[in-house]
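Please read the structure below before turning to the comments.
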Amino acid sequence: MTLLSIVVFDDFSDIDLVLPWDILSRVKRHDWKVQVVGMGSTHRSTLGMLVKTDERLTSVAHSDVVIILGGEGSRVRLNDPEFLDDLKLDPQRQLIGAQCSGALILERLGLLQGRTATTTPFAVREMQAAGVVLQQRPLVVHGNVATAGGCLASLYMTAWILFRCIGVADAKQIFAEVAPVGDDAFWAVIERAVTAQIRATNVPNP
């Protein structure tokens with residue numbers, strides 16, 4: 001079973017959830033499960049969308065893939081000891097991705113120490129103040145840890161997860177379902193960027 005958990009909290013960014021949740025859920029395998037987790041039974045997004053969680057936050061400890069969303073609520077979580085304690089992550093055995101300001105949470109947990117990253121332009125000062133060296137890229141990968149900068153960069157992070165979990169060929173088929181019609185460059189740009197990041201960390205594609 002491959003278990004993928006998307007971490008939500010109050011005031012999360014709507015698009016950060018919807019894009020990866022939709023695309024990852026298109027994988028049709030009996031041993032593939034995408035779930036939404038949080039500290040509560042429901043959480044409300046920045047735009048007011050009420051989302052029901054499938055499991056509580058502590059379940060991330062048993063997940064194979066963990067995605068941390070961005071949004072104004074991510075900054076609140078930085079000062080929430082219970083949230084940080086429940087978010088038990090292990091980059092040795094998990095793929096861990098942070099979208100936009102979700103990178104602030106990875107930094108607080110010590111998962112970006114000695115690593116470069118990317119983030120939303122609205123979190124650059126905070127990341128730099130924490131001592132993180134930022135790259136101007138949609139996706140930055142170090143082994144099993146990835147950060148994505150900009151809401152639509154969640155497409156790159158989602159592709160990275162699919163590359164690592166089901167392979168490039170199957171990932172391409174999934175993206176073909178959502179790609180803009182007639183835009184042949186859409187997939188090529190994503191594939192090139194993600195492949196370059198994976199190769200830079202010497203992690204082979206399945």
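The table for this structure:
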quantity	calculated
Vicinal HN-Hα couplings computed from phi for segment 59-68 (Karplus, 6.51 cos²θ - 1.76 cosθ + 1.60; Hz; Gly/Pro x)	5, 4, 4, 9, 8, 8, 9, 10, 10, 9
Rel. contact order, % - alpha carbon contacts under 8 angstrom, at least six apart, segment 2-200	18
MRE, 222 nm, helices only [DSSP H, n ≥ 4, -39500 (n - 2.57), over the chain, to nearest 500]	-10000 deg cm²/dmol
Reachable aspartates and glutamates, given that their alpha-carbon falls under 12 Å from the alpha-carbon of LYS28 and they are not under 8 places away in the same chain	ASP170
Calculated from backbone phi, Karplus (6.51, -1.76, 1.60) coupling profile of segment 149-157 in Hz, x at Gly/Pro	x, x, 3, 6, 5, 4, 5, 5, 5
Neighbour-count order for GLU191, GLU177, fewest beta carbons within 10 angstrom listed first	GLU177, GLU191
Long-range amide H partners of ALA98 with built H, under 5 Å	ILE68, ALA146, THR147, ALA148
Which of HIS142, HIS30, HIS62, HIS43 has the fewest Cβ neighbours within 10 Å, and the rest in rising order	HIS30, HIS62, HIS142, HIS43
Cα→Cβ-extended label distance, 7 Å offset, between THR195 and ARG26, nm	1.9
Between segment 112-148 and segment 30-74, the alpha-carbon center distance in angstrom	22
Projected area, mean over directions - segment 2-200, Cα convex hull, nm²	10.5
Label-point gap, in nm, between GLU126 and LYS88 - each point 7 angstrom along Cα→Cβ	2.6
³J(HN,Hα) computed for each position of segment 18-24 - Karplus, 6.51 cos²θ - 1.76 cosθ + 1.60, integer Hz, glycine/proline x	4, 4, x, 4, 5, 5, 5
Among 128-140, 106-118, the order from most to least packed when residues are scored by Cβ within 10 Å on average	106-118, 128-140
Residues GLU55, GLU82 arranged by fewest to most Cβ contacts within 10 Å	GLU82, GLU55
5 angstrom amide H check on VAL36, placed H, neighbours 5+ away	ILE6, ASP54, GLU55
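We did not get these values from a lab; they are worked out from the coordinates using the rules stated. Everything numeric in this text was worked out from a predicted model, so none of it was measured. Neighbour counts run over all protein chains shown; Cβ positions are idealised from the backbone, glycine included.
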